[in-house]
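Single-structure report; data block below.
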Amino acid sequence: MKQLLFLFIFFSLSVFSQNFSDIETKVNSYPKLISAEQLAQRIAKDFSTKENQVKTTFYWLTQNIRYDLESYYNPKNKRIGFRYRNEEERKQKLQAIKDNIVKETLQTRKAVCEGYAQSLAKICNLLDIENDVIKGYIRNSSRDINKPSRSTNHAWNAVKLNGKWIYIDPTWSAGAVMNGRWQRKFNPYYYDIPLKNYFKTHYPEDNLWQLRVERLEIEDYFNQPIYSSSFLNSTVELVKPLKGILTSKNNTIEIQLKNLKSTDRVMCGFLGSQYAQKPTITKSGTITTVRISPPPRAKELFLIINREVVLEFLIE
């Protein structure tokens, strides 16, 4: 979970996002306390296409399930062991465990990522929509750069629509942690995550789910900068550096961006510094070069566009 020194509330880069206006009115009238079976029945009645059924399931979860921050910070040992006589019995017992996670999520209306992902999977199964829960890795802040995790730390969903797999993260779409508190804030970017950006935020543990997108080593995933969804969903692109560790040359750090507007305001923040600093900006065609001299002993840089942190780096 991300806790930033800066709190920026405005962002005006040109962005593209999924449109949920076609389902919001109906979904907002659904009960907040409901079983998976009842919710699936309601969705099947109100929406005929598989696409809208998945969008509705996703949207309902983001609007009605709170992230369980207490369980995140104080995880309980939930290793569950069981015996089985054959493969069929093993599958039945695993499904019972998953169903219990879903039941608890919908009854308490709170969950960590596993609860969100299993709930979406359960409702998709009831709607006869092919899907899978993906276990894998995510990075929350610049402190995760160049530090590959030894174990998975997140779960999200793959759903097959019209013969194509799309990737969905209802946990990250439901809200975010700001100043130590989880706040609900719907973020449609993580519904059908663009494949070109998928490995900038998510990395599946299973090789099959990796290769369905592209080939990337886990070390390369962890060595990237930290990207905000607002940045990835905008027309602005990071040209260089594409690694997450910045090297200062002659006490100057250089970052190049593409498609930045002349009206976009760029600042740089440094961990431990109270105020953000204005860098030197030069433009050549569609390329903008940002240059800044970091304070002594600065180890983390936050690139800020229009008062929002959009990229995070470590400083070597």
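Using R₀ = 51 Å, calculate the FRET efficiency as 1/(1 + (r/R₀)^6) where r is the Cβ-Cβ separation of MET178 and ASN86; round to 0.05. Walk me through the numbers on the way to the answer.
Values: r = 49 Å, r/R0 = 0.96.
Efficiency at R0 = 51 Å is approximately 0.55.
From the cross-link list LYS164/LYS299; LYS243/LYS278; LYS160/LYS200; LYS122/LYS164; LYS45/LYS200; LYS76/LYS299, which pairs have alpha carbons spaced over 31 Å apart?
Distance filter (> 31 Å) returns LYS164/LYS299; LYS45/LYS200; LYS76/LYS299.
Name the residue, out of ASN187, ASN52, ASN19, whose mean-square fluctuation peaks in a Gaussian network model built on the chain with Cα pairs under 10 Å.
ASN19
Modelled label-to-label distance, TYR72 and LYS164, 7 Å Cα→beta-carbon offset: nm?
Result: 3.1 nm between the two label points.
Any idea which of GLN95, THR108, PRO204 is furthest toward the positive side of the dipole for segment 21-223, if Lys and Arg beta-carbons carry +1 and Asp and Glu beta-carbons -1?
Farthest towards the positive end: THR108.
GLN274 label point, 7 Å along Cα→Cβ, cut-off 17 Å on backbone N: hits in segment 280-316?
Only 295-296 fall inside the zone, counting backbone N under 17 Å.
How much length would be gained if the chain were fully extended between THR252 and ASN125, taking 0.36 nm per residue of separation minus their Cα-Cα distance, in nm to one decimal?
Working it through step by step, the gained length comes to 40.3 nm.
Please check: in the Gaussian network model of the chain (C-alpha springs, under 10 Å), which one of PHE186, PHE270, PHE20 has the largest mean-square fluctuation.
PHE20
Under the classification rounded if a/c is under 1.5, otherwise prolate if a/b is larger than b/c and oblate if not, where does segment 21-223 fall, given a ≥ b ≥ c as square roots of the Cα gyration tensor eigenvalues?
rounded
For segment 127-229, what is the largest minus smallest coordinate of the Cα atoms on each principal axis, given in angstrom and ordered from greatest to least?
Computed over segment 127-229, the largest-to-smallest principal extents equal 40, 33, 23 Å.
Would you mind pulling out the separation of the Cα centroids of segment 233-312 and segment 168-191, in Å?
So the separation of the two Cα centres works out to 25 Å.
Any read-out appearing in this document is the output of simple, stated calculations on the displayed coordinates, not a laboratory observation. Just so it is clear, the structure is predicted and the values come from calculations on it, not from any experiment. Using ideal geometry, Cβ is built from the backbone for each residue, glycine included, and neighbour counts are taken over all protein chains shown.
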